[in-house]
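What follows is a single structure, written as structure tokens, with notes after it.
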Amino acid sequence: MCDFLIFSGNSNPYLASKICNYLNINIGKAKVTTFSDGEIQIEITDNVRSKEVFIIQSTCHPVNNNLVELLLLVDAFKRASARRITAVIPYFGYARQDKKVAPRVPISAKLIADLLTAAGTNRVITMDLHAGQIQGFFNIPVDNLFATPVIIKYIKEHFGNDLVIVSPDAGGVERARAFAKRLDAHLAIIDKRRDAPNQAKAMAVIGNVSEKVAVVLDDMVDTAGTLAEAAAALNKAGAKEVHACCAHPVLSGPAIERINSSSLKSIVVTDTIPLGQKTEKTDKIKVLSIAELVGEAIIRCYNGDSVTSLFV
């Protein structure tokens, strides 16, 4: 009998169920409901005393509701005498607000880290943080997983050898270079200018993409403005076809319409965020599951084994 239990909020119960199937355990019993005025009510119905608890909750849309659910779940487990509480956050909301970009703005990602710690979280497992330095905002251990093994496997199986991995901006070059190295592919960079939040303009392609299959690599796709502009720039530079791979499918606002009207042949994402009916509006999206990867990380955290070796 294992001494750890897995619970889930309302953000991504399907992923939580798949993780539990991989681990061959039942998901913990907890009531996560809402009062008529919008307040969230939590009640744990399983005994968690002296048990290790993992809470699976992406802080995706509705971001603030899912965040408060997570904080209240942590507090409930702390007061129920759980031995250790690990917040498994496949998609870490507010991660893009990780620095001061103007004189009088918050560093929101730091505040979220403080809230999780103050609530009683002992460890965080997350995936493809927008910036790795966010781990430094926490005073508790953080395991930042990568969707790399899942995405690379798909690329190898579905795309040809004449590949070029494309970073959509200067900030993603390190990620793109790591993929290109493991795939023995060429590397290119989009020179992107951003005039306002959620508005991007791709200006030029740095690198040779002529007659190659271009794969644009990013940590997330939000309104899809960056991907649409990147695809247009790559086609103009002579790419044979353009695909995109992103760990987190935020897909807000006009994202689906932009994807459908763009020259992208496909966009590969993971199930860190549930897409619901969005996939019914386009046939370009392919969803890969990170359930086994997260499940293996949970086992290794519980047993005290290396998580880093998953990505070597």
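Values as computed for the structure displayed
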| quantity | calculated |
| --- | --- |
| Net lengthening on full extension, K29/T279 (0.36 nm per residue, minus Cα-Cα) | 87.0 nm |
| Contour minus Cα-Cα distance for A232 and E39 (0.36 nm per residue) | 65.0 nm |
| In Hz, Karplus ³J(HN,Hα) per residue of region 30-40 (6.51, -1.76, 1.60; θ = phi - 60°; x = Gly, Pro) | 8, 9, 10, 10, 10, 5, 5, 8, x, 5, 8 |
| Amide H within-cut-off set for L5, under 5 Å, with H built and near neighbours excluded | E52, V53, F54 |
| 0 to 90° range, to nearest 10: angle between helix 108-119 axis and the chain longest Cα axis | 20 degrees |
| Pairwise label distance in nanometres, I299 with R49, each label 7 Å out on the Cα-Cβ vector | 3.1 nm |
| Cross-link pairs beyond the 24 Å C-alpha cut-off, checked among K156/K212; K18/K110; K100/K192; K153/K286; K236/K265; K156/K181 | K18/K110 |
| For region 96-106, Karplus couplings with θ = phi - 60° (6.51, -1.76, 1.60), whole Hz, Gly/Pro x | 6, 9, 10, 7, 7, 9, 8, x, 10, 10, x |
| Relative contact order (percent, whole number), the chain, Cα cutoff 8 Å, 6+ residue spacing | 13 percent |
| Region 50-129, relative contact order in percent, only Cα pairs under 8 angstrom and at least six apart counted | 36 percent |
| Amide H within-cut-off set for I267, under 5 Å, with H built and near neighbours excluded | A244, I285, K286 |
| Test item: Cα-centred dipole of the chain, Lys/Arg +1 and Asp/Glu -1 on Cβ, debye | 360 debye |
| Angle in degrees between helix 13-23 and the longest Cα principal axis of the chain, rounded to the nearest 10 | 80 degrees |
| Cα gyration tensor shape for region 11-75, rounded if a/c is under 1.5, else prolate or oblate | oblate |
| On Cα atoms only, tilt of 173-183 relative to the major axis of the chain in degrees | 80 degrees |
| Phi-based couplings in Hz for region 146-156 (Karplus 6.51, -1.76, 1.60; Gly and Pro marked x) | 10, 7, 3, x, 5, 6, 4, 4, 5, 4, 4 |
| Residue order, fewest to most beta carbons within 10 Å, for C245, C301 | C301, C245 |
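Where a number appears in this text, it was derived from the coordinates with a stated rule and is not lab data. The structure presented is a predicted model; accordingly, all values stated were derived computationally and were not measured. FYI the Cβ positions are ideal-geometry reconstructions off the backbone, even for glycines, and counts take in every protein chain you see.
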